[in-house]
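Heads up, the thing below is written out as structure tokens.
The values are calculated or read from the model by the stated rules, or taken from the named source; none is laboratory data. These numbers come from a predicted model, not from an experiment. Please note: Cβ atoms are built from the backbone with ideal geometry, for glycine as well, and neighbour counts cover all protein chains shown.
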Amino acid sequence: MTIDEKVRKTLAELGATDAAGVEALFGEVRAAMEQERSSLVARGASSEAERDKLCKDLRDRWLARKNGLLTQIDEHWLKLGAKELKPIVGRQFNELRKASAGMETNELAQVVPLRKETSASMAQLSAQLESDVIRAERGDVSDLTLPGYRRPLGSLHPVTQMQREIEEIFLNLGFWIESGPEIESVYYNFDALNIPESHPSRDDWDTLYINSQTVLRTHTSPVQIRAMEKYGAPLYIIIPGKCYRHDNPDASHSPMFHQVEGLAIASDITFADLKGTLDFFAKKLFGEKVQTRFQPSFFPFTEPSGEVAISCIFCGGEGCRVCKESGWIEVMGCGMVHPQVLRNGGIDPEKFSGWAFGLGVDRFAMLKYDINDIQLFFQSDVRFLEQF
Amino acid sequence: MKISVNWLKEFVDVTSDPRQLKSDLTMIGLNTESCAPVGDDWVLDVEVTTNRPDCLSHYGVARELATLYRQPLKRGEVFLKESGGPTSAAATIEIADPDLCARYCGRIVQKVQVGPSPDWLVKRLEAIGQRPINNVADATNYVLMELGHPLHAFDWSRLRQHKIIVRRAKPGEPLRTLDGVDRPLTRDNLVIADGERPVALAGVMGGEESEISRKLAPFCWRVRGSSRCRSAARRSLRGCTRKLPIASSGAPTLRWRRWPWIASLI
């Protein structure tokens, strides 16, 4: 039985005697409505006149006051339905009516595309194309005016772009880029960085353990040790890479995120060098007017340790929501490499000194592009990504 | 850690306004995230990094400020009224595993009615986000917040043989902690035991059985101390807190208890 026939029978005749039966019937109607709508959209129209006619016809079929399908449903299912079913039928009918808003002529007209070729003429064209191809294969001339294949252009991920900007600044200063494994040993991730098992600072990182001796690295710092072992001093490197923490994802946390570590070791590196380099870096990234501020902090692998804040790039230091009215935004941690860490890397702290920093690339990208949710970076939504 | 400015002023003269205080503390390494008025007081939310356990108390922060502002650090006056016989006659303390605990002290307080704490104490605790329980528990909490030294109160009458033995647990020994959870113990756990069985997880959480109850009872304070931060002790304590999951609501003072105490600082 077609939908047209069904809407002209009563619920009793159709065997719908309970809520489930009614819901099933309405489901069929909604499916039919959707299917007819999509068919029209797929078909297209070859002219505005044809489009308007097709839309109006479809609309009238469903929504015409006198004989439209909805009117029939109202007559046969609602008015003539069993009393106990009336509330369910009424609810379902209202849902249907709401859904049918998309069947109004002007709504349909907006989505029905104008195609030079309707499906009828498409069949003709593809037959023509087939014979063209055959002719071309035989050596006959093919249609040189047919457009070539076009591929959509992609772009770099905003986090990648941010990472490259950062890399660029340091490459220009003479640093080179090192990387290390994302699956790291507890030794390189903690012990070699002066974070012993028995010290509470071990708990400052919510670590993802693979087994008792292997972790997903919680920071890019382990590569400091690896690089020291590999190259010794002097050393000027940055280390970009992915890091992992057992964080519940929210607007400012993601279990996977990106960091860039920086390390400079030579015979005469001082805290002044650290401040100077980071101030230079901040100005290159955020503009000459931006100011940096250093405040004392603590990391087991640097001594002394600091946190760097930049003058708020949104309000210029006046105070706003982003900088929590303080005029400053905390952006990264840094410090002088702890002598024990140098020793662990095979470098004599009596002969050499160094500075190190670590920053979150995602956080920097969020600041630079004014994005307030880190999770947007990792959802692979092209509508977001294509904006960069 | 939340710090009350009025409380701080008991130990050091602070003349700067709270916002200046917030900035000053931040610039000496105690990053202060917020300062908010609470009644006639101001409360600062100070981030104490793991290298500064000495600042996990009002006295500790006051010490820093005294140095910064070049003001004298005032020690609170102690009024101690002793009576009755020596504590050692009513209870004994033995340390069976001195590598895990170098010092353990206790005192007995008698004839105390367990009940709600006085208003001034409740106000101070609540201002810094601590939950008042009863006068005895609150007193231990107050001392912790003031001096940074964790205390525990036992019901003396429930300490069998009136003995306290600081020792490693025997595997399989039973202990139900204050939060009602039965803890499986191993030789790696240091416990406070009485003459018969464990009554507390040393440095972590007290047992349910010897908990102070709402009745008139003499009870024993205990103070756990270590004259040096011994690795073995630290490892044991950390291993303990990691393997035995303790909900932070069940042990709000766990953070303080992670540090084997440097008693000489007070």
Practice prompt. Return the total of residues in region B:26-57 being loosely packed, with under 14 Cβ neighbours inside 10 Å and in contact (Cβ under 8 Å) with a residue 24 or more places away in the chain.
Written response: 2
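Here's the yes/no breakdown for (1) within 13 Å of residue B:147 (Cα to Cα); (2) away from every other protein chain (no Cβ under 14 Å); (3) touching a strand residue (DSSP E or B) at 6+ places or on another chain (Cβ under 7 Å); (4) at pLDDT below 90:
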| position | (1), (2), (3), (4) |
| --- | --- |
| B:53 | yes, no, no, yes |
| B:62 | yes, yes, no, no |
| B:87 | no, yes, yes, yes |
| B:104 | no, yes, yes, yes |
Discussion item. Checking residue A:29 against (1) surrounded by fewer than 18 Cβ atoms within 10 Å (Cβ to Cβ); (2) in contact (Cβ under 8 Å) with a residue 60 or more places away in the chain, only one condition comes out false. Which one?
Written reply: (1)
Worksheet, complete the sentence: Only unsatisfied item for residue A:205, checking (1) within 14 Å of chain B (Cβ to nearest Cβ); (2) touching a strand residue (DSSP E or B) at 6+ places or on another chain (Cβ under 8 Å), is (2)
Discussion item. Step by step: first the residues of region A:117-148, then only those that are among the acidic types (Asp, Glu) and surrounded by fewer than 12 Cβ atoms within 10 Å (Cβ to Cβ), then the one that is modelled with the lowest pLDDT. Which residue is that?
Written reply: A:140
Worksheet entry | Every pair of residues 6+ apart whose Cβ atoms lie under 6 Å, when the first sits in region B:5-25 and is within 19 Å of residue B:70 (Cβ to Cβ) and modelled with pLDDT of 90 or more while the second is of a type in the set (S, T, N, Q) and surrounded by fewer than 16 Cβ atoms within 10 Å (Cβ to Cβ) | B:12/B:71; B:13/B:71
Response to the item:
residue B:97 fails exactly one of (1) of a type in the set (Asp, Glu); (2) out of contact with any Gly (no Cβ under 8 Å at 6 or more places or on another chain); (3) not in a loop (DSSP other than H, G, I, E, B), namely (3)
Practice prompt. Considering only residues that are within 11 Å of chain A (Cβ to nearest Cβ) and in contact with a strand residue (DSSP E or B) (Cβ under 7 Å, 6 or more places away or on another chain), look in region B:32-49 and name the one that is nearest to residue B:146 (Cα to Cα).
Written response: B:47
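Can residue B:115 be described as exposed (fewer than 13 other Cβ atoms within 10 Å of the Cβ), in the same structural domain as residue B:178 (by TED's automatic domain parsing) and in a loop (DSSP other than H, G, I, E, B)?
yes
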Fill in: helices (runs of 4 or more DSSP H) contained entirely in region A:10-93, each with at least 3 residues that are over 22 Å from residue A:107 (Cα atoms) and of a type outside the set (Asp, Glu)
A:11-14, A:19-43
Worksheet item: Quick one: in region A:183-207, which of the residues that are modelled with pLDDT under 95 and not in a loop (DSSP other than H, G, I, E, B) is farthest from the chain's Cα centre (by Cα)?
Response: A:200
